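For reference, the structure is listed below as structure tokens.
The values are calculated or read from the model by the stated rules, or taken from the named source; none is laboratory data. Fair warning: this is a prediction, and the values are worked out from it, not measured in the lab. Every residue, glycine as well, gets a Cβ built from its backbone with ideal geometry; the counts of neighbours run over all protein chains shown. Ligands, DNA and RNA are excluded from the accessible area calculation, which covers all protein heavy atoms including side chains. Shrake-Rupley method; radii C 1.70, N 1.55, O 1.52, S 1.80 Å.
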Amino acid sequence: MAEQLTGLADDRALLGRTSTAERVSDILRSRIADGYFPPGTRLSEDSIGGALKVSRNTLREAFRLLTHERLLVHELNRGVFVRVLTVEDVQDIYRTRRLVECAVVRGLGEPPYAEEGLAEAVAAGQRAVREGDWKALGTANIHFHRALVALAGSERTDELMRSVFAELRLAFHVVDDPKALHEPYLARNRRILEALQAGDRQEAEKLLAVYLDDSLERVVEAYRRRVGEDG
């Protein structure tokens, strides 16, 4: 927990002088999405409030917002925890991803497309592989898909998927072998990028749909294996 709190203290500058619950929730959401707070982690009001230098009321409102987004849960007399997803949650996340991400690619206009964010995410993934940092590779994969959604140029779609991708990070935490989960998809990201660079959005959508189906199968399998081991 000390490492996470140090990171939060570094985020304090993002709050500025007009600190709000929405900005606090943005910081915590990003930290959850980047894997700093794994599922089941209890979030201490005193520690997090102290790290960010915000009031208890502000922090509680931020917790409420993230609970509404299904990232946190409040347990009576125990506190606030990062949510632990079920298999049904995972399936619903991927259902939403397929509907939105494939629709974004399908709805792209004429090329060229603004694929700089996609290229940056692929490059970040390649660096993570060279360094053997599989958590960073998972983050790069999520950033790739966030950049893909951003091609729609819709703030509402970006906001919707921001929470979905944060939930997705929670799902990744149950996987025992993050290298096996994330590494194969770096090459797939690159192929999707190359299809878009070539102006072939139909091929990009086809690659994306198969990608998401395969990823869902792997994550659900990991969930069921974990449940079997815990049982």
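Quick one: is Tyr211 among the hydroxyl-bearing types (Ser, Thr, Tyr), free of Cβ contacts under 8 Å to residues at least 40 places away in the same chain and part of a helix (DSSP H, G or I)?
Judged against the criteria, Tyr211 is a match.
Scanning for something among the β-branched types (Val, Ile, Thr) and open to solvent by 20 Å² or more (accessible area, probe 1.4 Å), does region 212-225 turn up at least one residue?
No: zero hits.
Being of a type in the set (A, V, I, L, M, F, W, C), within 20 Å of Val164 (Cβ to Cβ) and under 14 Å from the mean Cα position of the chain (by Cα) narrows it down to one residue among Val82, Val100, Val87, Val104; which is it?
Only one candidate qualifies: Val82.
Quick check on region 118-139: of everything there that is free of Cβ contacts under 8 Å to residues at least 24 places away in the same chain and in a helix (DSSP H, G or I), which residue is most open to solvent (accessible area, probe 1.4 Å)?
Arg130
Would you confirm whether any residue within region 79-91 is open to solvent by 60 Å² or more (accessible area, probe 1.4 Å), modelled with pLDDT of 95 or more, part of a helix (DSSP H, G or I) and among the charged types (D, E, K, R)?
The answer is no, given that none of the residues of region 79-91 is open to solvent by 60 Å² or more (accessible area, probe 1.4 Å), modelled with pLDDT of 95 or more, part of a helix (DSSP H, G or I) and among the charged types (D, E, K, R).
Yes or no: Arg162 over 18 Å from Ile192 (Cβ atoms), open to solvent by 40 Å² or more (accessible area, probe 1.4 Å) and either in a helix (DSSP H, G or I) or not hydrophobic (A, V, I, L, M, F, W, C) (or both)?
Answer is yes for this residue.
Here are Ala147, Ala152: which of them is closer than 26 Å to Leu65 by Cβ, not in a helix (DSSP H, G or I) and not acidic (Asp, Glu)?
Of Ala147, Ala152, the one residue that is closer than 26 Å to Leu65 by Cβ, not in a helix (DSSP H, G or I) and not acidic (Asp, Glu) is Ala152.
What pairs can you find where one residue is in region 215-229 and small (Gly, Ala, Ser), the other is modelled with pLDDT under 90, and their Cβ atoms are less than 6 Å apart, with a gap of 6+ or different chains?
That search, which allows pairs on different chains as well, returns Ala222/Val174; Ala222/Val175.
Among what's in region 48-69 and is of a type in the set (Ser, Thr, Tyr) and in a helix (DSSP H, G or I), pick the residue that is nearest to Phe81 (Cα to Cα). Steps first, answer last, please.
Initially, region 48-69 is screened for residues of a type in the set (Ser, Thr, Tyr), giving 55, 58, 67.
Of the ones still in play, those that are also in a helix (DSSP H, G or I) are 58, 67.
Working: Thr58: 17, Thr67: 9 Å.
Across region 48-69, the extreme among qualifying residues is Thr67.
Just the residues that are open to solvent by 60 Å² or more (accessible area, probe 1.4 Å) and modelled with pLDDT under 85, please, taken from region 31-65.
Across region 31-65, the qualifying residue is only Tyr36.
Filter region 98-117 for residues that are among the aliphatic types (A, V, I, L, M) and part of a helix (DSSP H, G or I); which is most open to solvent (accessible area, probe 1.4 Å)?
In this case the residue turns out to be Leu99.
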